[in-house]
Ligand SMILES: [Zn+2]
């Protein structure tokens, strides 16, 4: 049946919520243990389910609530057919109470719970309290809960679920049997998505299922919700998923990774420019590229390890970057060192970008001032900044102060001189540092610079950044790469030594 005819029905993930332990995906250990405990009637009176969102904690709690109350259980599984199962499935059972710890009602419900919990449930039934996001309960509610856990009433089962078990008070934790719900594996989710599509009569490309699974970070529910969105315009192909998620195509990601591995900054830089101009999420792209590099390493391209590592690092550093785009661009330039054109003329056997040595840099840029290229070179990276500007010691002092706040701001300021007259700070960059000048025009960098300058030099009326060069066509990519690589040299050396 086509999806659009089902608009009024339950959402996919609700309809596909597992009804039996055997249908739960990816939580084998927890499910097996629980099922056995039910079958042998050895279940503790308080359980704690912990794990990230969307991995099946609440679904398992509900199966368990039916299983302990089922009149015809089969090896710990609820029959889902008896009166009790039907009542619970229909939400009509008074013996299963769900409490959302995150809602304001939490405290009232906990008070009610304390009052009600004394009453033994009707018949042979077991009263089940499912408290979701239990770590969100207020202190008062926790106390109420603790009291009931300390003196557990007969035939009551507490199932506490949380994404953040470390926020649950130890006094509560220590009274619960703990079950950990692991994030789902990509293949498990992929399989499940394909099974859902089959049953829904929805055309879903295996590559699309894989992509959805990969983007869902181990949360099956997220994957199902995304599949449902995509199901409105079948068939679901890899391309539609990429479009909906704003992901670049595989070819783009692949050539991005390959170019980085070959030390060719050109293609990666234009990809970043393209993504930024279309307002795409750079973080998501880096994750995609890192995943792709990982897959290729596993497939045998071990030379991609340094690229994968760099991608992961850039991704991790992104939230703290002064400018996200600039941060990634600098990373690319740092990793590649210089553009391919240069490399081709180079008769040396190809080094991986990370194994560039200080000595190589000597040869590449003999005219640039730099650290002494001794075997003990890492010491020059340890001290920041690595290339003291001996002409302007006061400026050097300022740059040193910037360094802990923003390493990249500091390296860009390093080659400059300064003049401070009547509250106006002039920052003058020599002709060969056009790239630094361009970078310092970026609004976010500019703001960071002005803040730092105000702090160091006191009340300033203005901060001017000037460049001593003659503007013709602007710097070539090669210049940018050489300059940035040279500026960032200290950091490359440091990485190599660690
Ligand atoms: Zn039943």
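Could you tell me whether segment 258-344 comes out rounded, prolate or oblate from its Cα gyration tensor? Rule is a ≥ b ≥ c as square roots of the eigenvalues, rounded for a/c under 1.5, then prolate if a/b exceeds b/c, otherwise oblate. Taking the square roots of the gyration eigenvalues as a ≥ b ≥ c, segment 258-344 is oblate. Label-to-label distance for residue 173 and residue 140 is 2.6 nm, based on points extended 7 Å past Cα in the beta-carbon direction.
For segment 185-213 versus segment 152-173, the spacing of their alpha-carbon centroids is 34 Å.
Is the shape of segment 169-321 rounded, prolate or oblate, going by the alpha carbon gyration tensor and its root eigenvalues a ≥ b ≥ c, with a/c under 1.5 for rounded and a/b larger than b/c for prolate? Oblate, because a/c is 1.5 or more while a/b does not exceed b/c.
Subtracting the Cα-Cα distance of residue 233 and residue 447 from their residue separation scaled by 0.36 nm leaves 72.6 nm.
Pull out a ≥ b ≥ c, the square roots of the eigenvalues of the alpha-carbon gyration tensor of segment 223-306, then state rounded if a/c is under 1.5, prolate if not and a/b is larger than b/c, and oblate in the remaining case. Mind dumping the intermediate values first?
Working: a/c = 2.73, a/b = 1.57, b/c = 1.74.
Taking the square roots of the gyration eigenvalues as a ≥ b ≥ c, segment 223-306 is oblate.
Take the Cβ atoms of residue 82 and residue 40, set R0 to 25 Å, and the FRET efficiency comes out at 0.80.
A crude spin-label estimate for the pair residue 164 and residue 400, with each label 7 Å from Cα along the Cβ direction, gives 4.1 nm. A Förster distance of 56 Å, applied to the separation of the beta-carbon atoms of residue 468 and residue 298, puts the FRET efficiency at 0.65.
Once the chain from residue 417 to residue 29 is taken as fully extended at 0.36 nm per residue, the excess over their C-alpha distance is 133.2 nm. Here the label points at residue 254 and residue 180, each 7 Å from Cα along the C-beta direction, are separated by 3.7 nm in the simple model.
Given R₀ = 30 Å, what would the calculated FRET efficiency be for residue 243 paired with residue 305, taking r from the Cβ atoms and rounding to 0.05? Before the final figure, lay out each step's value.
Numbers: r = 31 Å, r/R0 = 1.04.
Step by step, r from the Cβ atoms, then E = 0.45.
Only the coordinates and a few stated rules stand behind these numbers; no lab work does. Keep in mind the model is a prediction, meaning the values are calculated, not measured. Every residue, glycine as well, gets a Cβ built from its backbone with ideal geometry; the counts of neighbours run over all protein chains shown.
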